[in-house]
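The values are calculated or read from the model by the stated rules, or taken from the named source; none is laboratory data. What you see is a predicted model, and the numbers here were worked out from it, not measured in a lab. Counting neighbours? That spans all protein chains shown, and the Cβs are built from the backbone with ideal geometry, glycine included. Areas reflect the complete protein model, heavy atoms only, side chains present, ligands, DNA and RNA absent. Shrake-Rupley method; radii C 1.70, N 1.55, O 1.52, S 1.80 Å.
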Amino acid sequence: LNAELATQVPWKVDTRTADDPHTKTNLLLQAHFSRLQLPISDYVTDTKSVLDNSVRIIQAMVDILGDNGYLSSTLQVMSLVQMLMQARW
């Protein structure tokens, strides 16, 4: 199914690594941003999990960057959070 999804996303992935969890995460995020229909309901659940974890990681990045005074990087990462939440490229 990952190889099938890989044909629909804008950024191509190496189909030899289609079974790799990193590739699946990449595909699910691209499908989310492109608002593609997912082939099975398990992918919807996996996408929710990826998004939940991504937001937590990015929020930690915001905290670290802000604490260290990297304003420009902090603002860019905050834009990334909005991008994830709104499913926009």
Item to check | Cβ pairs under 6 Å, 6+ apart, first in the stretch 48-75 and open to solvent by 60 Å² or more (accessible area, probe 1.4 Å), second in a helix (DSSP H, G or I) | outcome: MET61/VAL77
Checklist entry - Name the pairs: first residue in the stretch 17-32 and over 13 Å from GLU4 (Cβ atoms) and at pLDDT 95 or above, second residue part of a loop (DSSP other than H, G, I, E, B) and of a type in the set (Phe, Trp, Tyr), Cβ to Cβ under 9 Å, at least 6 apart or on different chains? => result ASN26/TRP11; GLN30/TRP11
Checklist entry - Within the chain, which helices (runs of 4 or more DSSP H) (wholly inside it) include 2 or more residues that are touching a Phe, Trp or Tyr at 6+ places or on another chain (Cβ under 9 Å)? => result 21-34, 71-86
Checklist entry - Considering the stretch 8-47 alone, what residues qualify as being charged (D, E, K, R) and crowded, with 16+ Cβ neighbours inside 10 Å? => result LYS24, ASP46
